[in-house]
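Computed from the coordinates by the stated procedures, all read-outs in this text should not be read as laboratory data. Just so it is clear, the structure is predicted and the values come from calculations on it, not from any experiment. Using ideal geometry, Cβ is built from the backbone for each residue, glycine included, and neighbour counts are taken over all protein chains shown.
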Amino acid sequence: MPEPRKAKLAVWKFASCDGCQLSLLDCEDELLELAGAVEIAHFLEASRATVRGPYDLSLVEGSITNSHDAERIQKIRRQSKSLVTIGACATAGGIQALRNFAKVDDFIATVYAHPTYIEALAKSTPIHDHVRVDFELRGCPIDRRQLLEVLGAFLNGRRPNIPAYSECFECKRRGTVCVMVARGTPCLGPVTQAGCGNLCPPHQRGCYGCFGPMETPNTASLSGWFGSAGADQAKIRDLYRSFNAAAAPFRRESERHD
């Protein structure tokens, strides 16, 4: 009997730093096992060899920043049975979405000697603003263990088991002293989705919100704490404007302090 057909996996890049794609390559031993279970049909970060679609699963890194990419993501969606966005750029517009709070033409004129050669949309937008997305994996960059969970889930026809609770849970589990309570350090942990593995607070640094807003975040309450601790309006605004600045809860809260 012929061997069963392997699922086709494709990995696509838009406006991003490639860090989330590298998280897949960082899987090392697990990647070898994955390569035996699927056909890696398109992954230019790893190989120039490509296989035509359709694809069973597409992983998409990066945000949409020009009209060409807005058309390309539509084509990828049509070729993909399931589409998963990976990383802050793909799920929330990324650090480049800071331009959404200003005029992109001003940035282009400052950076490029010949601005007329540059074609850019007014905003950097997440993939879900353009096509249907089956699942969003947060992070800047994503966590490789969560990525493996998502891949396993989609290859086996189940929902990924990714936490939606806050970073504070990870601090409690590791016995990390709260930097807000103990040191008065501004921290986005109470409103940020867990997933980083508790990286910053153990080093007496507040959470930067790399994994975006948790489920139903109470940003207004946290901002009130920032204010009572001495942060002015501009400081509070800027705390929400980093890797996930365009994620709706963070965007709305930052705009309240403009």
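Summary table
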| quantity | calculated |
| --- | --- |
| Cα-based reach from Lys235 at 17 Å (exclusive), listing lysines while leaving out same-chain residues under 8 positions away | none |
| Residue exposure sequence - Tyr240, Tyr112 - by fewest surrounding Cβ within 10 Å | Tyr112, Tyr240 |
| Highest-first arrangement of 57-65, 120-128, 73-81, 139-147, where packing means the average Cβ count within 10 Å | 57-65, 139-147, 120-128, 73-81 |
| Residues with amide H under 5 Å from that of Phe135, placed H, sequence gap 5 or more | Leu83, Thr85 |
| Long-range HN-HN contacts of Ile40 with modeled amide H, under 5 Å | Leu9 |
| Footprinting exposure proxy for Met214, Met180 (fewest neighbouring C-beta atoms within 10 Å first) | Met180, Met214 |
| Sequence of Thr50, Thr91, Thr192 once ranked by neighbouring C-beta atoms within 10 Å, starting from the fewest | Thr50, Thr192, Thr91 |
| Column: log10 I(q)/I(0), Debye, Cα scatterers of the stretch 1-154, q = 0.09, 0.13, 0.18, 0.21 Å⁻¹ | -0.31, -0.61, -1.06, -1.34 |
